[in-house]
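To start, the structure itself, in structure tokens.
Since every read-out is calculated from the coordinates, none of them should be taken as a lab result. The structure presented is a predicted model; accordingly, all values stated were derived computationally and were not measured. Ideal geometry is used to build each Cβ from the backbone, glycine not excepted, and the neighbour counts take in all protein chains shown.
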Amino acid sequence: MDGPPGPKAGGYMRHTGAVLPSGPGRETKIARQVVLPFRKSLEISLQNIRVRFFRSMITVASLVLAVAFLSFTLTGSNVAAGLVRTGEPALRAALIDAGYDLPGSPPVGSSAAEEARQLGTGAKERWIVLLSLLVCTVGIVNAQLMAVTERFREIGTMKCLGALDSFILRLFLLEAGMQGVAGSLLGALGGMVIGVAVGFVRFGLAAVTQLSVADLGRTLFFSIAVGAGLSLLGVVYPALVAARMRPVEAMRAQE
Amino acid sequence: MAEAHNIVRVSGVAKTFSMGAQVVTALRGVDLTIKVGEYLSIMGPSGSGKSTLFNMIGGLDKPSSGKVFIDEVDIAQLDAYELAWLRNRKIGYIFQTFNLIQVMTALENVTLPMIFAGASQDEAVEKGLELLGLVGLRERHAHKPQELSGGQQQRVAIARSLANTPSIILADEPTGNLDLTTGEEIITLLKRLSSERGVTVISATHDYKMLNVSDRVVWIRDGRIDKIEGREQLDISVGTIGSKD
């Protein structure tokens, strides 16, 4: 029935009776013939984390610490801002003692609130936070590359079962995303709690009562976003490597 | 009923691998046609190009020259989506190392291809249990591969390969990691399923026990087909160790 084979596998689909509309959108029609529902990919990613729990913990640990550091530093600034807003000279002196960059008395014409807003961390502290985040990201890339390499055969098998490259990418991104969010949440909260505690120890009760909830909320959100973002960034390269593997290479890999 | 047509046609396929400075010619021009419903074994010593030919047929690798046609469609022309569709629906794979996904239960392993094919969870589970029943492992459906023996894992792999009712099953050394009796069981199972369902089975193997059940045997040596023998021409008696009464 079929003469010489058609140039495109449209002929293939036609032969097996699959409906094949012509024109634009044809590629998407075929693409949808192999699917991985989102809920299922979530299930699989979660299962993978659960099974490799210890390994996940180690990957996440460095993220938790780095995000905690970030959150701690930012919370410290929040505490200081709250204290400056009170306008009390005693607290101001205490802040200057602790190393915050403030003039001895408020400059003419500026309100306490303005000063509080401008109060940031010093350049040195910023650098340390940045470095710790960088180190953490490198650690994540390394851990994820290792994870992908370990699972070469699994990936090759899934491709033999018909998985598209995008499925593999999605599974790894989801895994890393979930780890990132969980770890960042833990780190951000932990860092915040310690930051407030240290403020309390240094400056007394005023440190706690003067805290603006909005400030804290922003700090929390920012820390989590940074942590999750880095986690995803760290897994992009390894996941792309995994997704692009040809099944036969994947299965030849020694385990 | 239409006469048996060629489900796989290999035409002038050659493959060379370059590993750094060295060039290895795995296949030197192979021609082969395989009919629907056949049980074909590709046999040959290690390094003969058996696995390479096998990978070509299964669309796992591209030939350096020549063409492979599945159902008269040149698979080199297929894009990634169409290849995925092919692997999902038309071909079932069985490997020497079973290749089950360790984090999933037997049932989940069997239903995974069905999920890719878009089946609903209920349909998939129902069909998965049915297939596991066919291979005699229905009660062990909730067990993970670590909790199953080699023979049982291979049986799960066979059930998985039948998930989307494929036309072709490709078995790469299915009995390679199994002992004599288990290997025999697997071969009998494969033969039974293939004749019941009209599935074409193509296996690459060292195992002489396969000869008894094959319709044709292709002998490969040094990247070329040595000879192709049909059932009548096969005259090998294999002694059985530890045979059952």
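Of the residues A:P106, A:A207, A:S77, the one whose Cα sits farthest toward the positive end of the charge dipole of the protein assembly as shown, with +1 on the Cβ of Lys and Arg and -1 on the Cβ of Asp and Glu, is A:P106. Computed from point charges on the beta carbon alone (+1 for Lys and Arg, -1 for Asp and Glu), the dipole magnitude for segment B:181-220 about its Cα centre is near 100 Debye. Extending 7 Å from Cα along the Cβ direction at B:R221 and again at A:R50 yields two label points whose distance is 5.5 nm. At R0 = 41 Å, how high is the FRET efficiency between A:A225 and A:K40 if r is their beta carbon distance? Nearest 0.05 is fine. The calculated FRET efficiency here is 0.90.
Both radii come from the Cα set of chain B: Rg as radius of gyration, Rh as Kirkwood radius; their ratio Rg/Rh reads 0.97. If r is the Cβ-Cβ distance from B:K35 to A:M57 and R0 is 56 Å, what FRET efficiency results, to the nearest 0.05? Computed FRET efficiency for B:K35 and A:M57: 0.55. Here is how the number arises for the protein assembly as shown: DSSP H runs of 4 or more residues each give -39500 (n - 2.57), the sum is divided by the residue count, and the result at 222 nm is -17500 deg cm²/dmol.
The slack between B:R197 and B:T165, meaning 0.36 nm per residue of separation minus the straight C-alpha distance, is 10.7 nm. Shielding value for A:33-43 is 4, the average number of Cβ atoms from other chains within 10 Å of each residue's Cβ.
Across chain B, C-alpha contacts under 8 Å between residues 6 or more apart give a mean separation that, scaled by the residue count, equals a relative contact order of 27 percent. Please list, by residue number, everything in segment A:212-230 whose backbone N is under 17 Å from a paramagnetic label point 7 Å out along Cα→Cβ of A:L134. Under cut-off, by backbone N: A:230. Peptide B:112-122 shows a mean partner chain C-beta count of 5 within 10 Å per residue C-beta. Per residue of B:96-103, other chain Cβ atoms within 10 Å of the residue Cβ number 5 on average. Remark: the protein assembly as shown projects, on average over all directions, an area of 32.8 nm² (convex hull of Cα atoms).
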